[in-house]
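*Asks:* After the structure tokens below, expect a handful of questions from me.
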Amino acid sequence: MKKMILAVILVSMALTANAAPIVLTFEGLQNYESIGGFYSGGAGSLGSSGPNLGITFSTNTLAIIDADAGGSGNFGGEPSPSTIMFFLEGDSAIMNVLAGFDTGFSFFYSAINNPGSVNVYDNFDGIGNILASLDIPTTLSDGGDPNGNFSPFFGIGVGFSGIAKSVSFAGVQDQIGFDDITFGSVTPGGVVPEPSTALLLGIGLIGTALAGRRMRRA
Ligand SMILES: [Ca+2]
Ligand SMILES: [Ca+2]
Ligand SMILES: [Ca+2]
């Protein structure tokens, strides 16, 4: 009987396209706080807690606040000021979604020096079949809001079939930031992504000039 009740709760929580898209803004987390159970009824490593969406992150996944807002972040133009997600250890951050989600997945990101990639899996912890794979190219820098090299953030998304249980955000540590992670929609935050292909492709030279810049300030 208990199992049945749990199943009903999980089903009612399912992040389906029928409901308004769920968006993770990372607001409410502290600078360098490991996100952990912040979105699953638990807490981040520094005790912050958010809405219980049944979403957990690998322990290397951190929040960081824009230096312009009193934190350590070397970024700007984030869609929901002033906190984003990034990682300092390993080569990816893993997110588990207990109830699963369908249709699509999207987010905003900035990666001025190194590209990254995102995979969507049908099992937890970044294992199982890959339902969708997305290469995320390097982005240009506009100098910040007013400061921050990792600026602005660009929207990107991917659609898929089936039920997804986890997502890996891969890239070079301290070189890629994410915000407004959105479930059940190929457009992040329900907003049509801004960047033109020209903007995304013209970045190589600028990226070279900014080589060595990191997501966090020295
Ligand atoms: Ca900002
Ligand atoms: Ca800034
Ligand atoms: Ca945010």
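The values are calculated or read from the model by the stated rules, or taken from the named source; none is laboratory data. Please read these numbers as outputs of a predicted model, since none were measured by experiment. Methodologically, a virtual Cβ is constructed for each residue, glycine included, from the backbone with ideal geometry; neighbour enumeration extends over all protein chains shown. Please note that ligands, DNA and RNA were not included when accessible areas were found on the heavy atoms of the full protein model with its side chains. Shrake-Rupley method; radii C 1.70, N 1.55, O 1.52, S 1.80 Å.
*Asks:* Take the residues in region 65-103 that are under 28 Å from residue 159 (Cα atoms) and among the β-branched types (Val, Ile, Thr), then tell me which one is farthest from ligand 1 (Cβ to nearest atom).
*Replies:* 103
*Asks:* So, one more: Quick check on region 117-164: of everything there that is away from ligand 2 (no atom under 16 Å from the Cβ) and within 18 Å of residue 215 (Cβ to Cβ), which residue is surrounded by the fewest Cβ atoms within 10 Å (Cβ to Cβ)?
*Replies:* Among those that are away from ligand 2 (no atom under 16 Å from the Cβ) and within 18 Å of residue 215 (Cβ to Cβ), it is 117.
*Asks:* Further question on the same structure: Taking residue 184 as the residue in question, decide whether it is in contact (Cβ under 8 Å) with a residue 12 or more places away in the chain, open to solvent by 30 Å² or more (accessible area, probe 1.4 Å) and on the phi > 0 side of the Ramachandran plot.
*Replies:* no
*Asks:* Among the residues of region 125-163, which ones are over 16 Å from the mean Cα position of the chain (by Cα) and either within 16 Å of ligand 3 (Cβ to nearest atom) or within 19 Å of residue 82 (Cβ to Cβ) (or both)?
*Replies:* If the condition is that a residue be over 16 Å from the mean Cα position of the chain (by Cα) and either within 16 Å of ligand 3 (Cβ to nearest atom) or within 19 Å of residue 82 (Cβ to Cβ) (or both), then 141, 142, 143, 144, 145, 146, 147, 148, 149 are the ones that fit.
*Asks:* Looking at region 75-95, which of its residues are surrounded by fewer than 24 Cβ atoms within 10 Å (Cβ to Cβ), part of a strand (DSSP E or B) and either within 13 Å of ligand 2 (Cβ to nearest atom) or charged (D, E, K, R) (or both)?
*Replies:* Of everything in region 75-95, just one residue is surrounded by fewer than 24 Cβ atoms within 10 Å (Cβ to Cβ), part of a strand (DSSP E or B) and either within 13 Å of ligand 2 (Cβ to nearest atom) or charged (D, E, K, R) (or both), namely 83.
*Asks:* Taking region 34-74 as the search range and keeping residues that are under 23 Å from residue 183 (Cβ atoms) and in a strand (DSSP E or B), which one is nearest to ligand 2 (Cβ to nearest atom)?
*Replies:* Top of the filtered list is 64.
*Asks:* Follow-up question, since we're still on this one. How about region 43-66: which of its residues are open to solvent by 30 Å² or more (accessible area, probe 1.4 Å) and either over 14 Å from the mean Cα position of the chain (by Cα) or within 13 Å of ligand 3 (Cβ to nearest atom) (or both)?
*Replies:* 43, 45, 46, 47, 49, 51, 52, 53, 59, 65
*Asks:* Go through region 135-160 residue by residue and tally those that are touching a strand residue (DSSP E or B) at 6+ places or on another chain (Cβ under 7 Å) and either part of a strand (DSSP E or B) or away from ligand 1 (no atom under 15 Å from the Cβ) (or both).
*Replies:* The number of residues fulfilling the criteria is 11.
*Asks:* Would you call residue 98 open to solvent by 30 Å² or more (accessible area, probe 1.4 Å), among the aliphatic types (A, V, I, L, M) and not in a strand (DSSP E or B)?
*Replies:* When the stated conditions are applied, residue 98 does not pass them.
*Asks:* Which of (1) surrounded by fewer than 24 Cβ atoms within 10 Å (Cβ to Cβ); (2) away from ligand 2 (no atom under 16 Å from the Cβ); (3) farther than 22 Å from residue 140 by Cα does residue 31 not meet, given it meets every other one?
*Replies:* (2)
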